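See below for the structure under consideration.
Read-outs throughout are calculated quantities, based only on the coordinates presented, and are distinct from any laboratory measurement. Quick caveat, the model's predicted, so the values are computed rather than measured. Cβ placement follows ideal geometry from the backbone for every residue including glycine, while neighbour counts extend to all protein chains displayed.
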Amino acid sequence: MAECHPVGFQWVMEAKARGARVIHIDPRFTRTSAVADMHVPLRAGSDIVLLGALINHIISTQKYFREYVVSYTNAATLVNEDFKDVDDVGVFSGFDAQSGTYDTSTWQYLGVEETAAAGNRSAAGKHPTGQELGGRGSKLEHGRVQRDETLQDPRCVFQILRRHYARYTAELVEQVCGVGPEGFAKICDAITANSGRERTTAWVYSVGWTQHSVGVQYIRGACIIQLLLGNIGRPGGGIMALRGHASIQGSTDIPTLFNLLPGYLPMPKAGEHEDLSSYFESIYSPDQKGFWTSAEAYTVSLLKAWFGDMATAHNDYGFHWLPRVNGDHSTYSTLMDMLDGTVEGYFLLGQNPAVGSSNGKAQRLGMAQLKWLVVRDLNMIESATFWKDGPEIATGELRTEDIGTEVFFLPAAAHTEKKGTFTNTQRMLQWRHKAVDPPGDARSELHFFHQLGVELRRKLAGSPLERDAGLRNLTWDYPLETDGEPDGEAVLQEINGRHRSGAKAGQMLSSFVDMKADGSTDGGCWIYTGVYADGVNQAARRRPGQEQSWVAPEWGWAWPLNRRMLYNRASADPDGKPWSERKRYVWWDEAQQRWTGEDVPDFPVDKPPSFRPAPGTGGPGGLAGDDPFIMQADGKGWLYAPSGLLDGPLPTHYEPAESPVRNPLYRQQSNPTRESFPRQENLTNPSPPEPGSEVFPFVVTTYRLTEHHTAGGMSRFLPYLSELQPEFFCEVSPELARERNLVNGGWATIVSARTAVEARVLVTERLAPLRIDGRVIHQVGLPYHWGVGGSAVVSGDSANDLLGIALDPNVHIQESKAATCDIRPGRRPTGPALLRFVEEHRRRAGITVTTGNIRMTPPEGSL
Amino acid sequence: MGARNRRRSWPVLGQLTGADRLGRGAAVESARTASLSPRTATADRVVQSVCPYCAVGCGQRVYVKNEKVVQIEGDPDSPISRGRLCPKGSASEQLVNNPNRVTSVRYRRPYATDWEDLPLDRAVDMISDRLLDTRARTWQEADKDGNKLRRTMGIASLGGATLDNEENYLIKKLFTAAGVVQVENQARI
């Protein structure tokens, strides 16, 4: 955090100055470790074992926050008797080895049958769509669950959890993670001593947790710990995702993502969502609890925002004009289609996949297959110039004169040259005012896409074709500034939504609660409704922090409804009183009969803690006064996920797709539901028990540096930042340096099945070797900011060229935080010799297209 | 400058006789330094903004003179950042005024070995033609079971995490209406 979010880290230091203990768990010693009370190095890719052992410790020593756990989580809920925990093979009940997917019906709560498992299955031969649960829990048929509040019933979630994690012991942590018993005990003591009524513990993570073939389950592991310890919805608690781009949260909320519509509404699926009623039927049940039952109002308001008066009850509000998805269409699946030559056109909008995405060679070979490519960026990034100075030109794999890709480079406007909102990592929207005009041909994306839309609609204006109806009927009449730029405030107002009829016609909506499913309101993203409450741009509020309470609610605007902390009902006890005076945040005011406190209460404001709904009541009315998780279908925090996940209802350890270590828990080596792409451009290093893994004996992990930004498009082109960190380097321990004759300041060549890259050597104790299962495992650390091209101030080989593509099945994120490699002294061969050098490694390891891609690990001895 | 002031301007004398006994401040300030003023003091206007790098969302104050950004500083009013910026945020003035920045449209024909010029309007016109052409040829109305698809798999887009919400909104809205489903950004990566 000190490296990549330095200014946010000041608050960790403030907490430390007030007595907080800071523990840094990371393979690498960083600027964070330097000021932490304790640094715990562990093997990249082993975290679920550590998290699982913490869960085991919390349960077995009875350190969980019992009142919180019983009242606010699903610990007491009974699960279907047919559910079977992970077995000796390493899978939960319902697994189909052929397709690598689960039938999740046995995972369900007792008495709550599953009707549709959206996204879990897919057409033959295709990867499943995955899940899209960014703002809510998964669907339940109803909220009438059976509970045993003594937590003793063997079918209850708490007992399933206890049994599942019993084998995650301190010994296993030492064996798998390389973390000794003393270090583990200190973490156990710290998190349990600092949780409960009086104290809270926060967890902070970033892509070191997400970029794994079991990435979602890492986060689930932290959720379980925080729910058991009562640290969700309370000040000083929570799980903080540190996101790395200025509006990466915003681009998820208003998604430039294939599987989502704005506000975490799913994209319609082929065969499932032929019309609006089947869409609603599959995404929620009117009998489940909470605010997701209003999805109809959110969807119809979105369609009204997009299609205006052309969207009517008679035409399903234009729902049939939306395209359908039927599988994984994420960026890596698209890459495979590019390599196959079926993608013709590609827009790159401030992103540099030639350097920033896994398997850079495949990315560049894919782009060389395109008919046309549009690159919009501030600088001439490597993804725009691969056709003349990419690494494949040097090796002879590509020849400029043979690349048929037509490339348009359009310069983009900088953040000071346009107005608009970023959504930061805390869900806070902040409006930027425009300072100056962009230079030359530089334009904002707002300008470009508006203009592109105008052109497309002009060219299709007379089209009789049904397929053009969506574009023709789109609302696209934004007011323009004098320079032709659409007014960003008008777009933000459309996102917020308006009353379209009635007494308030034309007025801005102040809350998504006002959205209707009858077409009388519109709004482009329901969770952002309120950003224009009272007709005021709330995101532009800048009351100085020093003039406000510590929550600072009048700086910017946070979704939903300016709530700064989600699920804050849980900061009070079941009776609505603060758990302690130290940790008071939101509470029930008996005199006023309202929830009140430091923040906007995340609960129906006048619903008393004692309220109990009539059995069977669905929607917000079905929430009891002690159901703090208002977007969950049963109002509770999920220790166990009866639906919504594709790879198991509980986190369980699998080794990364590439690992030098055998999974000690069961036969299955790596996530059996992981998404893999076996093909010549994406070869995989072998892992045990497959032969050949000794050729790539080291763990390799990638990361960022303070002085650079992702693929370098906004940093390697700046002289200041390039001077601070000029050259690609690898971090290795003195022990590994001795073993492989690596000299500090000299060169090393790092090799995988994909390619070899060269880097300057930094011999450092920052990457300590670990003793794993009785042997020493070395880890190689690589910052991934550099790329090969002729336009940046500094260039160098790209760490992402080393990495293959294996994905988490839920969200299709790549496993770029843990892979295997070989490392050798000296520079890599150049030209065609590089290909021969890599081929020799492949041959020694016996690598074919199927290596590392056999879904189910065969029994010992059968390989 | 009188004789007395001239004597006082000798650093050692000033250091020994004035308040700055350690010689770290006023005693050692040259006349040239004294005559300088920060770019922030002479700016025509100050515009409140947000840092474009990571997602902490540090407040920035953008100083503008003669319609040029002359300096970017941390905004002390921000309850998030309290005026601080990291090395990247501190360098963001150079991001904007970078001499390496490309400010005109560049165009590479298929199989060509170098860039050529292209007017911006012409580029947008050509890109819309390419999009419509690919879309028409790769259009999928339904799958083999007759389920509605209404899309093209011939066009994809990547990017958005560095862009504004309003921009992402128009991108998603336009592409979805056009039947382009392979719309992705760094949030997946």
**Message:** List the Cys residues of chain B that have no partner Cys with a C-beta closer than 4.7 Å.
**Reply:** B:Cys54, B:Cys86
**Prompt:** Which whole number gives the average count of other chain Cβ atoms within 10 Å of the Cβ atoms across peptide A:400-413?
**Reply:** 6
**Asked** How would you order B:51-60, A:834-843, B:38-47 from highest to lowest mean count of nearby Cβ atoms within 10 Å?
**Response** B:51-60, A:834-843, B:38-47
**Prompt:** In the stretch A:584-607, which residues have a backbone nitrogen under 16 Å from the label point lying 7 Å from A:Asp575's Cα in the Cα-to-Cβ direction?
**Reply:** A:587-591
**Complete:** Residues other than A:Trp372 with Cβ under 13 Å of its Cβ, Lys/Arg counted +1 and Asp/Glu -1, net out at +2
**Item:** Extension gain from B:Ser37 to B:Thr113, taking 0.36 nm per residue of separation minus the Cα-Cα distance
**Value:** 22.5 nm
**Complete:** Per-residue average of other protein chain Cβ atoms inside 10 Å, peptide A:710-716 -> 3
**Asked** Using modelled backbone amide H atoms (1.01 Å from N, in-plane), which distant-in-sequence or interchain residues come within less than 5 Å of A:Ile25's amide H?
**Response** A:Val40
**Fill in**
Taking the alpha-carbon centre of each part, the distance from the stretch A:368-396 to the stretch A:637-653 in Å is 41 Å
**Asked** Where both partners of a DSSP beta bridge lie in chain A, what percent of those bridges are antiparallel, to the nearest 5?
**Response** 60 percent
**Fill in**
For A:847-854, A:23-30, ranked highest to lowest by mean beta-carbon neighbours within 10 Å, the order is A:23-30, A:847-854
**Item:** Per-residue mean of C-beta atoms belonging to partner chains within 10 Å, peptide B:68-78
**Value:** 3
**Request:** Pop out the ³J(HN,Hα) list for the stretch A:592-606 in order, Karplus 6.51 cos²θ - 1.76 cosθ + 1.60 with θ = phi - 60°, rounded to Hz; leave Gly and Pro as x.
**Result:** 8, 6, 8, 7, 8, x, 7, 10, 5, x, 9, 5, x, 5, 10
**Message:** Can you compute 3J(HN,Hα) from phi for each residue in the stretch A:706-711, using the Karplus curve 6.51 cos²θ - 1.76 cosθ + 1.60 with θ = phi - 60°, rounded to whole Hz and x for Gly and Pro?
**Reply:** 3, 8, 10, 10, 5, 7
**Item:** Whole-Å distance, taken between Cα centres, linking the stretch A:699-748 and the stretch A:272-308
**Value:** 48 Å
**Request:** Would you order A:Met1, B:Met126 from fewest to most other beta-carbon atoms within 10 Å of each residue's own beta-carbon?
**Result:** B:Met126, A:Met1
**Complete:** To the nearest 0.05, the calculated FRET efficiency linking A:Arg760 and A:Ala313 through their beta-carbon distance, R0 being 60 Å, is 0.40
**Nearest 10 degrees, 0 to 90: helix B:120-138 Cα axis against chain B principal axis** = 40 degrees
**Request:** Output the antiparallel fraction of DSSP beta bridges having both residues in the stretch A:675-845, as a percent to the nearest 5.
**Result:** 70 percent
**Message:** Please list, ordered by chain and number, the residues whose modelled amide H lies under 5 Å from the amide H of B:Asp75; skip anything fewer than 5 residues away on the same chain.
**Reply:** B:Gly59, B:Gln60, B:Arg61, B:Gly83
**Complete:** Among A:Lys289/A:Lys636; A:Lys63/A:Lys636; A:Lys84/A:Lys636, the pairs whose Cα-Cα distance exceeds 18 Å are A:Lys63/A:Lys636; A:Lys84/A:Lys636
**Asked** Between their Cα atoms, which of A:Lys139/A:Lys304; A:Lys583/B:Lys88; A:Lys361/B:Lys148 are more than 29 Å away from each other?
**Response** A:Lys583/B:Lys88; A:Lys361/B:Lys148
**Prompt:** GNM on chain B, C-alpha springs below 10 Å: top fluctuator among B:Val50, B:Val105, B:Val28?
**Reply:** B:Val28
**Asked** Among B:Ile80, B:Ile127, B:Ile72, whose mean-square fluctuation peaks in a Gaussian network model of chain B (Cα, cutoff 10 Å)?
**Response** B:Ile127
**Prompt:** Using alpha-carbon positions, what is the distance between the centroids of the stretch A:124-166 and the stretch B:43-72, in Å?
**Reply:** 47 Å
**Item:** Extension reserve of the A:Gln146-A:Arg18 stretch, reckoned as 0.36 nm per residue once the Cα distance is removed
**Value:** 41.7 nm
**Request:** Can you figure out the FRET efficiency of A:Ser278 with A:Asp487, using R₀ = 30 Å and their beta-carbon distance, to the nearest 0.05?
**Result:** 0.20
**Asked** So if R0 is 35 Å, what FRET efficiency would A:Val513 and A:Gln548 give, r being the distance between their Cβ atoms, rounded to the nearest 0.05?
**Response** 0.85
**Message:** Could you give each residue of the stretch A:527-539 its phi-based ³J(HN,Hα) in whole Hz, using Karplus coefficients 6.51, -1.76, 1.60 with θ = phi - 60°, and x for Gly or Pro?
**Reply:** 6, 8, 5, x, 5, 10, 4, 6, x, 10, 6, 5, 5
**Asked** How far is it, in nm, from the label point at A:Ala833 to the one at A:Arg541 when both lie 7 Å from their Cα along the line to the Cβ?
**Response** 6.5 nm
